Structure formats: structure tokens, C-alpha cells
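Peer 1: Before I ask anything, let me first share the structure, which is written out below as C-alpha cells.
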Amino acid sequence: MKLLIVEDEKKSASYLKKGLQEAGFVVDVADNGEDGLDMALRGDYDLALLDIMLPGCDGWHILTELRRRGLDLPVMFLTARDGVEDRVKGLELGADDYLPKPFAFSELVARLRTVLRRGPVRQADVLTIADLEVDGQRRKATRGGQRIDLTQKEFSLLLLLCRRSGEVLTRTYIAEQVWDMNFDSETNVIDVHIRRLRQKVDDPFAPPLIHTVRGVGYVLEQRA
């Protein structure tokens, strides 16, 4: 597998390149946004790792331009910008994953392999699972043609579940992506929001789409 790293901090880029080569990947590096975009458009890459704050043009622009040109290159953001709004923006623009710095290298490799297994399948602006439709751009959700009234957090949680439809998401991952916090086993904030989301998305309709995987987390999928 051939990867492109777009990272302007030379020490970080060198560390990533060395570690990923040791993990069996072929790696190219660009140290600015303009070169990164050009290489992504011209090179035969399986995945691009993008920082956001880059000289030339930022990671947002690179991803937007790739998608505008119809390039299905999988993209993972690897950045110090770890706010919830940044993560949501990255996913809505079409990123396949978003990993804030600092990170564990083993987690990076695991996430890369997960994205690569999924393949370059682009996520549409409107996601459809059974009769549920979620429009990430308009922040709108409907089921069976009926509008679902959701809070900001509820919508972010539903969007995450939809974008990872069929994947079991742990409470830790949900907490990091939606609440921008490390999961505390003593809090039930995630379970409470899942329960409220089910009351709006599942209870008035059939069949249920949000499922609990005991001891692991939650998954949104259509089951027979």
C-alpha cells in the first residue's frame, strides 16, 4: 500500500514515514499544501494523511479540491486541531477518519488498515440506512419521510453512527469524536444520549437501527 503524508513539521513527517515504512507501507511526503495537492492528484496513492495547518494551502482545501475533482482517494486527518467542530467538519467534507495529535502509533496503523479495508467508497452528503436519511450539510434527519428534531449533540452522534454504519463504535471512540473528551467509566452521558436518540430515531418506527453490543459499544445498521 502506498501512502502520502502531507505534514510541514519535518520531525513529525520523518517519524511518521519511518514508522509506516516499518509497518510495511510505501510512503511519500509533501511538506506544504500545494505540493501535497499536486502529488495527491497525480500520484497513485491508496490513502493520504493530511495535517490541517499547512503552508501554501490548508488540509481543508486539499480535501475539498480532491472531492470536487471526483477523486476517491481515502483521506485521514492527522492534526493537533482536536475540537469537535473540526472533527465534524472533516467528516462532513468527506474525510474517512480524523485522528488528533498526540496519538498512539499503534492506533494510527490500526485505523489506517481499517480505512484501507473499506476501500475508496465516498460518503455522500445524504446518508441513507433503511428509511433513515441524514443530511450532514443541512444538519437534517428524516425517517420514513418524517423530520426528526435533534439537538446539536444528538445530530453529531447520529451522523457519526451513520458514517460508520455497520461498525461497532466503542464508548471511548464516541466520547472522543462527539464530546471531545476521554471516556470516564463513571459517567453515563453517552448511554443517556443514545437512549434519547433511540426515542426519536427508533421508537416511533420499525425496525430499530441503533443496536447495543454488550461490553463493547453501539452500532447503527439495518438487521433482518
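The values are calculated or read from the model by the stated rules, or taken from the named source; none is laboratory data. The structure displayed is predicted, hence computed values, not measured ones. When we count neighbours, we look across all protein chains shown, and the Cβ atoms used for this are built from the backbone with ideal geometry, even at glycine. For the accessible areas, the whole protein counts, side chains as well, though only heavy atoms, and no ligand, DNA or RNA atoms are used. Shrake-Rupley method; radii C 1.70, N 1.55, O 1.52, S 1.80 Å.
Peer 1: Just to check your reading of the model, which residue among Gly36, Gly90, Gly59, Gly94 is in contact (Cβ under 8 Å) with a residue 12 or more places away in the chain and more than 29 Å from Arg138 (Cα to Cα)? Give the steps one after another, and end with the answer.
Peer 2: Working: Gly90 fails: more than 29 Å from Arg138 (Cα to Cα); Gly59 fails: more than 29 Å from Arg138 (Cα to Cα); Gly94 fails: more than 29 Å from Arg138 (Cα to Cα).
The match here is Gly36.
Peer 1: If you go through segment 36-90, how many residues are basic (Lys, Arg) and farther than 22 Å from Gln177 by Cβ?
Peer 2: So the count comes out to 3.
Peer 1: Can you name every residue in segment 197-224 that is of a type in the set (Lys, Arg) and either part of a loop (DSSP other than H, G, I, E, B) or open to solvent by 80 Å² or more (accessible area, probe 1.4 Å) (or both)?
Peer 2: Arg214, Arg223
Peer 1: Considering every residue within segment 82-105, establish whether at least one is farther than 23 Å from Leu158 by Cα and crowded, with 17+ Cβ neighbours inside 10 Å.
Peer 2: So far as segment 82-105 goes, no, none of its residues is farther than 23 Å from Leu158 by Cα and crowded, with 17+ Cβ neighbours inside 10 Å.
Peer 1: Hey, another quick one. What are the residues in segment 38-56 that are in contact with a helix residue (DSSP H, G or I) (Cβ under 6 Å, 6 or more places away or on another chain), within 14 Å of Asp8 (Cβ to Cβ) and open to solvent by less than 20 Å² (accessible area, probe 1.4 Å), if any?
Peer 2: Leu50, Asp51, Ile52
Peer 1: How about segment 91-108: which of its residues are part of a helix (DSSP H, G or I) and under 16 Å from Val178 (Cα atoms)?
Peer 2: Scanning segment 91-108 gives Leu91, Glu92.
Peer 1: Which one of these does Arg111 not meet: (1) of a type in the set (Lys, Arg); (2) touching a helix residue (DSSP H, G or I) at 6+ places or on another chain (Cβ under 7 Å); (3) modelled with pLDDT of 90 or more?
Peer 2: Among (1) of a type in the set (Lys, Arg); (2) touching a helix residue (DSSP H, G or I) at 6+ places or on another chain (Cβ under 7 Å); (3) modelled with pLDDT of 90 or more, the lone unmet condition for Arg111 is (2).
Peer 1: So which residues in segment 148-179 are β-branched (Val, Ile, Thr) and touching a helix residue (DSSP H, G or I) at 6+ places or on another chain (Cβ under 7 Å), if there are any at all?
Peer 2: Ile148, Ile174, Val178 - these are the residues of segment 148-179 that are β-branched (Val, Ile, Thr) and touching a helix residue (DSSP H, G or I) at 6+ places or on another chain (Cβ under 7 Å).
Peer 1: Here's another thing I want to ask about it. Of Gly145, Gly166, which residue is without any contact (Cβ under 8 Å) to a residue 24 or more places away in the chain and open to solvent by 30 Å² or more (accessible area, probe 1.4 Å)? Spell out how you get there, then give the answer.
Peer 2: Values: Gly166 fails: without any contact (Cβ under 8 Å) to a residue 24 or more places away in the chain.
The unique qualifying residue is Gly145.
Peer 1: Only one residue in Ile190, Ile194 is in contact with a Phe, Trp or Tyr (Cβ under 7 Å, 6 or more places away or on another chain), in a helix (DSSP H, G or I) and more than 19 Å from Glu107 (Cβ to Cβ). Which one?
Peer 2: Exactly one residue qualifies, and that residue is Ile194.
Peer 1: Is it the case that some residue within segment 47-56 is on the phi > 0 side of the Ramachandran plot and more than 18 Å from the chain's Cα centre (by Cα)?
Peer 2: Within segment 47-56, one or more residues are on the phi > 0 side of the Ramachandran plot and more than 18 Å from the chain's Cα centre (by Cα).
Peer 1: Could you list, in sequence order, all residues of segment 41-77 that are closer than 12 Å to Gly94 by Cβ and among the aromatic types (Phe, Trp, Tyr)?
Peer 2: Trp60, Phe77, listed by residue number.
Peer 1: For the structure I just gave you, tell me whether Leu66 is at pLDDT 95 or above, under 30 Å from Val134 (Cβ atoms) and not in a loop (DSSP other than H, G, I, E, B).
Peer 2: no
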